[in-house]
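J.: Quick one: this structure, given as structure tokens, is what I'll be asking you about.
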Amino acid sequence: MIRLILVFILLALSLSFFLQNQDPVVTLRYFFGFKTAETQVYIPILSAFVIGLLVSSILLFPAWVRGRIDLRRKTKQLQEAEAELEQLREARRGAEPDRPPASGADDERPA
């Protein structure tokens, strides 16, 4: 829940930054003399943010899938163990002879 709140705060701050900086125009200069046409300042920042989200999603996806597969395997093992435990309990109940209730000494009254 805290992570979700932090994401919403980050998105709200980013949105306010983008809305406040729509007028300034920048030219990006790359290596070897490459330049971009003049663009608004929030577009390169927003692009970097989106690219970062995509790269992190791609890098985290295999671990997430591996975790889901492991969770599914562990859940299946737990269900099998619980079923086996229940079978053993039923077998034990069937093997025990019915015992009469123990007579307590407290029930008898002296005459």
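The values are calculated or read from the model by the stated rules, or taken from the named source; none is laboratory data. These figures come from a predicted structure and were not determined experimentally. When we count neighbours, we look across all protein chains shown, and the Cβ atoms used for this are built from the backbone with ideal geometry, even at glycine.
J.: Only residues that are surrounded by fewer than 13 Cβ atoms within 10 Å (Cβ to Cβ), over 20 Å from Leu13 (Cα atoms) and not hydrophobic (A, V, I, L, M, F, W, C): list them for the stretch 30-55, please.
T.: Tyr30, Gly33, Lys35, Thr36, Glu38
J.: Looking at the stretch 44-60, I want the residues that are modelled with pLDDT under 90 and have a partner that is not in a helix (DSSP H, G or I) with Cβ atoms under 9 Å, at least 6 apart or on another chain. Which pairs are those?
T.: Qualifying pairs under 9 Å: Pro44/Val26; Pro44/Leu28; Pro44/Thr36; Ile45/Asn21.
J.: Using beta carbons and a limit of 6 Å, which pairs, at least six apart or on different chains, have the first residue in the stretch 1-19 and within 20 Å of Pro44 (Cα to Cα) and modelled with pLDDT under 80 and the second one surrounded by 10 or more Cβ atoms within 10 Å (Cβ to Cβ) and not small (Gly, Ala, Ser)?
T.: Phe18/Tyr42
J.: While we're here: Just one of Arg93, Arg89 is modelled with pLDDT of 85 or more, surrounded by fewer than 10 Cβ atoms within 10 Å (Cβ to Cβ) and of a type in the set (D, E, K, R); which is it? Outline the logic, then answer.
T.: On the way: Arg89 fails: surrounded by fewer than 10 Cβ atoms within 10 Å (Cβ to Cβ).
Exactly one residue qualifies, and that residue is Arg93.
J.: Can we say Phe32 is out of contact with any Leu (no Cβ under 7 Å at 6 or more places or on another chain) and on the phi > 0 side of the Ramachandran plot?
T.: yes
J.: State yes or no: is Leu60 surrounded by 10 or more Cβ atoms within 10 Å (Cβ to Cβ) and not hydroxyl-bearing (Ser, Thr, Tyr)? Steps first, please.
T.: On the way: surrounded by 10 or more Cβ atoms within 10 Å (Cβ to Cβ): yes; not hydroxyl-bearing (Ser, Thr, Tyr): yes.
Yes, satisfied.
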